[in-house]
1. Per-residue counts of other Cβ atoms within 10 Å, averaged by peptide: what ranking do you get for 261-271, 155-165, highest first?
2. Can you give the convex hull volume of the alpha carbon atoms of the chain per residue, in Å³?
3. Relative to the longest principal axis of the C-alpha atoms of the chain, give the angle of the C-alpha long axis of helix 44-55, reported between 0 and 90° and rounded to the nearest 10°.
4. Run lengths n ≥ 4 of DSSP H only: what is the helix-derived mean residue ellipticity at 222 nm for the chain, with -39500 (n - 2.57) per run over all residues, to the nearest 500?
5. Percent relative contact order of segment 205-321, based on C-alpha pairs within less than 8 angstrom and at least six residues apart?
6. Roughly how tilted is helix 310-321, in degrees to the nearest 10 and between 0 and 90, from the longest Cα axis of the chain?
7. For the chain, calculate the relative contact order in percent as a whole number, restricting contacts to Cα pairs under 8 Å that are 6 or more residues apart.
8. Over the chain, with a Gaussian network built from C-alpha contacts below 10 Å, which listed residue (Leu124, Leu54, Leu180) shows the highest mean-square fluctuation?
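Taken together, the values in this text are just the output of simple stated rules run on the coordinates, not laboratory data. A quick note: this is a predicted structure, and the numbers were derived from the prediction, not measured. Backbone-built Cβ (ideal geometry, glycine too); neighbour counts: all protein chains shown.
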Amino acid sequence: MCVTLESTESRPRLSPSELTAEVKRRARGLGFQKVGVVRAEALTEERARLEEWLARGFQASMAWMERGVERRTDPRELLDGARSVVAVALNYYTPHEHARDPAAGKISRYAWGDDYHDVLGEKLKALLAHVRQLAPEVQGKVCVDAQPSMDKAWAVRAGLGWIGKHTNLITRDYGSWVFLGELILDAEMEYDGAREEDHCGTCTLCIDSCPTRAIVEPYVVDSNLCISHATIELRDAELPPAVASSLDGWLYGCDVCQDVCPWNRFEQPSEETRFEPRPGALAPALGEVADLSHDVYVERFRRSPVKRAKLSGLRRNARTLLGRAGKTGEE
Ligand code: SF4
């Protein structure tokens, strides 16, 4: 479809199917590998599962997850008059390996390059700008992790993939190395109905491989045991002993459950160069990180996802890996 319009006044309104086709075409042009559109409605089943998970205390230190459950599970709370949710996935896999040197730490793949909030946010804002150019009356809201939106739930509803037993979204054609985001619009669109089936089958590799047994049952992660949670979110606290003794080189995050997943044999190099590892991201020297100064930290991790752990968390992680945790004056 080609939409050529001279002015707002003379512009005919796009039909739901025309708007949907335009949004999908532009989303692919912006580099999103997957895009699906679903009706903006309350995530009732997903909310029940979230509340059960919270009731079991599996959010650990992430108390913010307990707040605003209503907003988190209903896009109409985020945008007045929301009618549609455009769910997108962006491949971030780059063909590099984690450090094997015991003097170096491992950083989760998603954090090797530039901050995905910036990259994804920029693309979704461009998508919204395109919509507003075609249909100035349409209002929209960009959601990239920082907003209280259930990215994985929308991706599933939009048919982008399924939730694996490790609780990450898996796509058939790119594996699980994808960032997720949404564009909420107050316009009616044409909706994708078909969800991807669960293709985990009898596999339990992620459950069996988790160093801390954090996947306590299929599709349920206890963050209290999760290396990612501990090394990223526990910025100022001690690492739980069960995690500290099983870090296996993880300085920031952990990819074990995704590394072992057979669906990641379909991983493909990302075309987004901003996800290429920054200098030093593949094998950061633990000795350096353990004694990192504030100035060097700010400079080195500017616009990097690694900043989420804060300097205190990074230094603690490095010192734990070096066997220096808890030494007087070091934590
Ligand atoms: S490792 Fe196996 S069980 Fe786990 S998410 Fe992948 S396919 Fe599913």
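1. 155-165, 261-271
2. Hull volume normalised by residue count: 140 Å³.
3. In the chain, helix 44-55 runs at an angle near 20 degrees to the longest axis.
4. -8500 deg cm²/dmol
5. 32
6. For helix 310-321, the angle is close to 40 degrees.
7. This gives 24 percent for the chain.
8. In the Gaussian network model the winner is Leu54.
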